[in-house]
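Asker: Before I ask anything, let me first share the structure, which is written out below as C-alpha coordinates.
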Amino acid sequence: MDFDVGVGAILAGKVTGITKFGAFVTLAPGKSGLVHISEITSSYVSDIRDHLTEGQDVMVKVIGMDQSGRMNLSIKAATSVPAEEPRRKAQPRQSESASDPSFEDKLKRFMQDSDSKMLDLKHYSDKKGARRRGR
(Lines give C-alpha, C1' and ligand atoms only; values in the text may rest on other atoms or scores of the structure.)
Protein backbone atom coordinates (compact mmCIF):
# COMPACT_ATOMS: atom_id res chain seq x y z
CA MET A 1 0.00 0.00 0.00
CA ASP A 2 1.41 3.40 -0.98
CA PHE A 3 1.11 5.86 1.89
CA ASP A 4 1.68 9.45 0.79
CA VAL A 5 0.25 12.31 2.85
CA GLY A 6 0.59 16.04 2.69
CA VAL A 7 0.46 18.92 5.12
CA GLY A 8 -3.05 19.38 6.49
CA ALA A 9 -4.02 15.70 6.43
CA ILE A 10 -5.74 14.37 9.56
CA LEU A 11 -4.86 10.74 10.30
CA ALA A 12 -5.20 8.09 12.97
CA GLY A 13 -1.99 6.92 14.60
CA LYS A 14 -0.57 5.15 17.60
CA VAL A 15 1.84 6.60 20.18
CA THR A 16 5.04 4.52 19.99
CA GLY A 17 7.43 6.53 22.12
CA ILE A 18 7.45 9.39 24.62
CA THR A 19 10.33 11.77 25.30
CA LYS A 20 10.70 14.98 27.30
CA PHE A 21 10.09 17.07 24.18
CA GLY A 22 7.30 15.14 22.46
CA ALA A 23 5.76 11.87 21.40
CA PHE A 24 6.46 9.69 18.38
CA VAL A 25 3.38 8.51 16.52
CA THR A 26 3.27 5.73 13.93
CA LEU A 27 0.75 6.38 11.17
CA ALA A 28 1.36 3.38 8.91
CA PRO A 29 4.07 0.76 8.65
CA GLY A 30 7.27 2.67 8.01
CA LYS A 31 5.66 6.10 8.47
CA SER A 32 5.88 8.03 11.71
CA GLY A 33 6.21 11.55 12.97
CA LEU A 34 6.75 13.66 16.04
CA VAL A 35 4.13 15.50 18.07
CA HIS A 36 6.05 18.28 19.84
CA ILE A 37 5.08 18.89 23.49
CA SER A 38 3.51 22.23 22.47
CA GLU A 39 1.21 20.46 19.98
CA ILE A 40 -0.36 17.96 22.41
CA THR A 41 -3.05 20.20 23.87
CA SER A 42 -3.88 23.89 24.03
CA SER A 43 -3.13 24.01 27.77
CA TYR A 44 0.34 23.93 29.34
CA VAL A 45 1.97 20.48 29.35
CA SER A 46 4.70 19.91 31.93
CA ASP A 47 4.76 16.11 31.66
CA ILE A 48 3.67 14.42 28.45
CA ARG A 49 2.82 11.23 30.33
CA ASP A 50 -0.05 13.10 32.01
CA HIS A 51 -1.70 13.35 28.58
CA LEU A 52 -0.44 10.39 26.53
CA THR A 53 0.62 6.79 27.02
CA GLU A 54 2.54 4.45 24.75
CA GLY A 55 0.17 2.38 22.65
CA GLN A 56 -2.59 4.98 22.80
CA ASP A 57 -4.55 5.63 19.58
CA VAL A 58 -4.64 9.32 18.63
CA MET A 59 -5.82 11.56 15.81
CA VAL A 60 -3.08 13.80 14.42
CA LYS A 61 -2.81 16.51 11.81
CA VAL A 62 0.28 16.81 9.61
CA ILE A 63 1.46 20.38 10.21
CA GLY A 64 4.80 20.19 8.43
CA MET A 65 7.40 18.08 6.69
CA ASP A 66 11.13 18.67 6.48
CA GLN A 67 13.55 17.95 3.62
CA SER A 68 14.17 14.42 4.94
CA GLY A 69 10.47 13.57 4.83
CA ARG A 70 10.02 13.61 8.61
CA MET A 71 6.53 14.65 9.63
CA ASN A 72 5.66 17.22 12.27
CA LEU A 73 2.31 16.30 13.79
CA SER A 74 -0.25 17.99 16.03
CA ILE A 75 -2.90 16.42 18.23
CA LYS A 76 -4.12 19.86 19.25
CA ALA A 77 -4.80 20.90 15.64
CA ALA A 78 -6.53 17.62 14.79
CA THR A 79 -8.94 17.84 17.71
CA SER A 80 -9.49 21.60 18.02
CA VAL A 81 -11.65 22.05 14.92
CA PRO A 82 -14.62 19.90 16.02
CA ALA A 83 -14.22 20.80 19.68
CA GLU A 84 -14.49 24.58 19.14
CA GLU A 85 -18.11 24.51 18.00
CA PRO A 86 -19.61 23.08 21.22
CA ARG A 87 -17.46 25.42 23.33
CA ARG A 88 -18.88 28.49 21.60
CA LYS A 89 -22.41 27.36 22.35
CA ALA A 90 -21.58 26.59 25.99
CA GLN A 91 -19.72 29.83 26.75
CA PRO A 92 -22.74 32.09 27.33
CA ARG A 93 -24.09 29.70 29.95
CA GLN A 94 -20.74 29.63 31.74
CA SER A 95 -20.36 33.41 31.77
CA GLU A 96 -23.87 33.87 33.17
CA SER A 97 -23.28 31.47 36.07
CA ALA A 98 -19.91 32.33 37.62
CA SER A 99 -17.23 34.01 35.52
CA ASP A 100 -15.52 35.86 38.43
CA PRO A 101 -14.61 32.79 40.51
CA SER A 102 -13.41 31.08 37.34
CA PHE A 103 -11.08 33.98 36.58
CA GLU A 104 -9.87 34.14 40.18
CA ASP A 105 -9.19 30.41 40.17
CA LYS A 106 -7.25 30.73 36.95
CA LEU A 107 -5.27 33.66 38.28
CA LYS A 108 -4.49 31.83 41.53
CA ARG A 109 -3.33 28.76 39.58
CA PHE A 110 -1.18 30.92 37.30
CA MET A 111 0.46 32.63 40.25
CA GLN A 112 1.21 29.30 41.95
CA ASP A 113 2.73 27.86 38.78
CA SER A 114 4.72 31.03 38.19
CA ASP A 115 6.10 31.06 41.75
CA SER A 116 7.04 27.40 41.45
CA LYS A 117 8.86 27.93 38.16
CA MET A 118 10.70 30.98 39.46
CA LEU A 119 11.83 29.04 42.52
CA ASP A 120 13.07 26.18 40.30
CA LEU A 121 15.00 28.65 38.14
CA LYS A 122 16.55 30.25 41.21
CA HIS A 123 17.65 26.86 42.55
CA TYR A 124 19.11 25.93 39.17
CA SER A 125 21.02 29.19 38.80
CA ASP A 126 22.31 28.95 42.40
CA LYS A 127 23.62 25.43 41.73
CA LYS A 128 25.17 26.50 38.44
CA GLY A 129 26.89 29.44 40.13
CA ALA A 130 28.20 27.23 42.94
CA ARG A 131 29.74 24.82 40.40
CA ARG A 132 31.55 27.64 38.65
CA ARG A 133 32.93 29.05 41.88
CA GLY A 134 34.10 25.60 42.96
CA ARG A 135 36.31 25.04 39.92
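The values are calculated or read from the model by the stated rules, or taken from the named source; none is laboratory data. Just so it is clear, the model here is predicted, and its values are computed rather than measured. Here the Cβ is made from the backbone with ideal geometry for all residues, glycine too, and neighbour counts use every protein chain on show.
Asker: Can you confirm whether GLN67 is modelled with pLDDT of 90 or more and farther than 27 Å from SER114 by Cβ?
Answerer: no
Asker: Pick from PHE24, PHE103: which is of a type in the set (A, V, I, L, M, F, W, C) and at pLDDT below 80?
Answerer: The match here is PHE103.
Asker: Since PHE24 meets every condition but one in (1) without any contact (Cβ under 8 Å) to a residue 12 or more places away in the chain; (2) surrounded by fewer than 17 Cβ atoms within 10 Å (Cβ to Cβ); (3) over 28 Å from PHE110 (Cβ atoms), which condition does it not meet?
Answerer: (2)
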